[in-house]
Structure formats: structure tokens, C-alpha cells
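Chemist: Okay, handing you the structure first.
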Number of protein chains: 2
Amino acid sequence: MDADLKEIEAHEKEPGFVDGYLLYLLASASHLASGQFHEELRGAGIRVPEWRVLACLRDDDGQMVTQLARFALMEQSHLTKTIDQMTERGLVTRRSDEVDRRRVRIFLSDKGRELANGLVSQAKAHEDRLVRQLGASDIAQIKSFLSHMVETLENNE
Amino acid sequence: MDADLKEIEAHEKEPGFVDGYLLYLLASASHLASGQFHEELRGAGIRVPEWRVLACLRDDDGQMVTQLARFALMEQSHLTKTIDQMTERGLVTRRSDEVDRRRVRIFLSDKGRELANGLVSQAKAHEDRLVRQLGASDIAQIKSFLSHMVETLENNE
DNA sequence: TCGTTTTATATGATATCGCATATTATATTT
DNA sequence: AAATATAATATGCGATATCATATAAAACGA
């Protein structure tokens, strides 16, 4: 009996579709890796969407809602609600755009910025550990591929 | 005035943390790419968690709930509820394990398998288009990195 | 074997998410 | 300038997701 059949018998099954499917690989890598950091967030009493908003605003403060929602990978109405909560907690403030008053711009408060800075430090530390754990020397390549992918998909839709 | 400062003035801002953060790149690449296929699913009246369950069972039928939940990247109690719905729709069946009767094994129905096969074909077609769109010659490398990442993170937790 | 612990799934309550649409402001057309 | 169309955000509501825990079966210990 040849090796392949033996594997099947032992229920190590045929290759299967999912394990080689790009979207599944991306989703599960993201899920597992982010899961680790999300644990840390929980410890700090921060929810994932809040973290995303904090990090995105730290990079570019005063974004308008729609734009920020795309950047933070969330749906607009959900962001609006997240902003409500974060406003309550004194992490961000809303200010309507001077020029186009439909637009609402979101700004970090001092408290929010401090929190964001701390979390970004944690995130960097976590990323370092992760990369070491992966023993990935070619991490720059991976990042560059992913960036390319993001750029392509953003523009083409 | 040097180039860097000019950029800042033009609000093309400093590099920022998020754009180079591995977990963000993974999450957004996954979000954008999967988003495309999820549109197709919507068209077919299938929800994302249902698709995941179908695809996972197609690769390995009769999984127990906990195991399937991990594979399908969802939380156990949520899977239980998804299974309820899919059972209603005649896509899967529950059968309790002969040996250990705490365990519940989930099987595709004929209808479910047919649906799964069709969706997997769509997924393959979509992946082909995506890879072509990305002009990615080194896609095998990427996949292998992601697989390695998933394996590492699965075992180490 | 009885009590305790662990494991697997289900359930119920709560919070989150997302769609459809309302509201308000700007742009465009006539 | 009025009417209409488009754009940005908010809101309501139903669906989904998650947490904590209940239930039930098996494994383990004394």
C-alpha cells in the first residue's frame, strides 16, 4: 500500500481545498495572530474596534467618518456607534468640518492619544515577538506583498 | 525645504504605524479580498459563516463541533447556532458520536454537499482572478509563508 | 463505586454589527 | 432660486456574535 492511501486510512485525509485557499490562509493567519494581541487589549479593557480607531487616528488625526471607517476596516454606522462610546469615555471628540458641514471629523483627546501611544508600543512589542516566533527573515517581503495586495484591492473597487 | 517636510505640509503625513503593521496588513488584505468573494456569496443567499462550515465539512465531513469551530474560525456557541440554521435549511445533519456521546458530529447532506461543491468552484475561480489581478508570480511562496504562520500559531497556544 | 473534575455542546442574556433608511448639508440642474 | 440629485452621518431594528453558564457525558481519584 502506498503512503498516500495509508494517510487517507489514518484519516489524515486528502489535501482538501481549504488548507491551500489563499483567502482562508489570510483569514486564519490574521485571526490567529490578531487573536494574540486582542488578548492583550482585553487585559487593558479596550475593545478591538476601539483599538483600530485609536491607532488610525494616531496616524492621521481628524479624519472624517467615512474615510476612518474604511481605514479601520469597519462599516460606517458601526463606527458612528463606536465613536459615541469613545466620546463618552473621553477618548475622542467630534468636530464638524468648517467647509463642508455634512462631514464630521474625529480627533483624539489627550487621554486618547496617550492611550493610543501606549497601545502602539504594545503592538510593536508584540509584532517583534511574533516575527521572532515565526523565524521569518523575509518579513519585509511579506509585508510588501500584502501592501501591494491592499493597494490593488483598494483602488480596484 | 526638504522633501519630507513638504510631504507633511501637503498632508501626505509621516509614514505612520498602521500601514506597516503586520497584523493590520493581514487584516486588511483579508478583509478586502474576502470582501470580494463575500459579495458573490450574498448573491447566492449564503452567509459567510455558512460558507465556512460548508467548505470545512466538504474537506472533512463529520467533524465534531469544537474542532469545526476552530477550523471555521468561529466561536463554539456561534457555530452551534449556525448549525441550527443550516439544519433547518437541510444543509447539514447532526449525529452524536457513537463512542463519546458528548460529541456531536456534523455531516453535509446531499443538498449541502452540492451547494458546497458549487461554492468551492466559485471560490477557485475567484482566487484565479484575484491572483491574476495581483500579478503575483510568487503566490506559492506567500501561501507557504501563511501556512507556516498558521501552523506555528495553532500549535503554540 | 461514589464523588469530583474535566470535556463537549447548548442555552440565555447582552452587546455588537450591519442593513436600510432618515436626516441634514451640499451640488447640480433648470 | 427653486427643485432635484448627490453626499455624509446618524438612527432604528433585526440579525449576529459573544460571554457566562447550564446541561450532560466521560474520565479520574479515593
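Chemist: If the label for B:Asp100 sits 7 angstrom from Cα along the Cα-to-Cβ line, what are its distances to the same label in every other copy, in nm to one decimal, shortest first?
Modeler: Result, one decimal in nm: 5.8.
Chemist: Report the gain in length on full extension from A:His148 to A:Glu98: 0.36 nm times residue separation, minus Cα-Cα distance, nm rounded to one decimal.
Modeler: Net length gain for the segment: 14.5 nm.
Chemist: Relative contact order for chain B: what is it in percent, counting Cα pairs under 8 Å that are at least 6 residues apart?
Modeler: The value is 17 percent.
Chemist: In deg cm²/dmol and to the nearest 500, what is the mean residue ellipticity at 222 nm of the protein assembly as shown if only DSSP H runs of at least 4 residues count, each as -39500 (n - 2.57), divided by the residue total?
Modeler: -21500 deg cm²/dmol
Chemist: Per-residue mean of other chain beta-carbon atoms within 10 angstrom of the beta-carbon, peptide B:55-61? Spell out each step's value before the answer.
Modeler: Working: counts 5, 4, 1, 3, 8, 6, 1.
Taking all residues of B:55-61 together, the mean is 4.
Chemist: Okay, next question. Leaving out ligands and nucleic acids, note down the accessible area per residue over chain B with a 1.4 angstrom probe, in whole Å².
Modeler: Normalised by residue count, the accessible surface of chain B is 56 Å².
Chemist: Which of A:Val99, A:Val120, A:Val65 moves most in a GNM of chain A, Cα contacts under 10 Å?
Modeler: Between A:Val99, A:Val120, A:Val65, it is A:Val99 that shows the largest mean-square fluctuation.
Chemist: Also, quick follow-up: To the nearest hundred square angstrom, how large is the accessible surface buried between A and B, total for both chains, probe 1.4 angstrom?
Modeler: 5300 Å²
Chemist: Name the long-range amide H neighbours of A:Val92: under 5 Å, sequence gap of 5 or more, or other chain; modelled H, no Pro or chain starts.
Modeler: A:Thr87, A:Ser109
Chemist: Here's a follow-up. Leaving ligands, DNA and RNA out of it, work out the accessible area of B:Asp128 with a 1.4 Å probe and give it in Å² to the nearest 10.
Modeler: We get 90 Å² for B:Asp128.
Chemist: Follow-up. Ignoring any ligand, DNA or RNA, what whole percent of the accessible area of chain A comes from carbon and sulfur when the probe is 1.4 angstrom?
Modeler: For chain A, the apolar C and S fraction of the accessible surface comes to 47 percent.
Chemist: Place the label 7 angstrom along Cα→C-beta at A:Gly135 and in each other copy, then list the distances from the first to the rest in nm, shortest first.
Modeler: 3.5
Chemist: A further question follows. State the residue of chain A whose Cβ is nearest the axis carrying A onto B, and the distance in whole angstrom.
Modeler: Smallest Cβ distance to the axis, with its residue: A:Ser30, 2.
Chemist: What is the diffusion coefficient of chain B in µm²/s, taking the Kirkwood radius over Cα pairs and the Stokes-Einstein relation at 25 °C with a viscosity of 0.890 mPa s?
Modeler: The Stokes-Einstein estimate is 133 µm²/s.
Chemist: Taking all pairs of distinct Cα atoms, average 1/r, flip it, and tell me the Kirkwood hydrodynamic radius of the protein assembly as shown in Å to one decimal place.
Modeler: It works out to 21.7 Å.
Chemist: Tell me, what is the FRET efficiency for B:Lys124 and A:Gln122 to the nearest 0.05, using R0 = 22 angstrom and their Cβ-Cβ distance as r?
Modeler: Efficiency at R0 = 22 Å is approximately 0.05.
Chemist: How far is A:Glu40 from itself in the other copies, in nm, if each label sits 7 Å out from Cα along the Cα-Cβ line, shortest first?
Modeler: Here A:Glu40 shows inter-copy label distances of 3.6 nm.
Chemist: Would you give the gap between the C-alpha center of the range A:116-147 and the C-alpha center of the range A:21-76, rounded to a whole Å?
Modeler: Centre-to-centre (Cα) distance: 15 Å.
The values are calculated or read from the model by the stated rules, or taken from the named source; none is laboratory data. What you see is a predicted model; the values in this text were computed from it and never measured. Quick reminder, even Gly has a Cβ in these numbers, built from the backbone with ideal geometry, and neighbours come from all protein chains shown. Remember, those area values only see protein heavy atoms, side chains included, never the ligands or the DNA or RNA. Shrake-Rupley method; radii C 1.70, N 1.55, O 1.52, S 1.80 Å.
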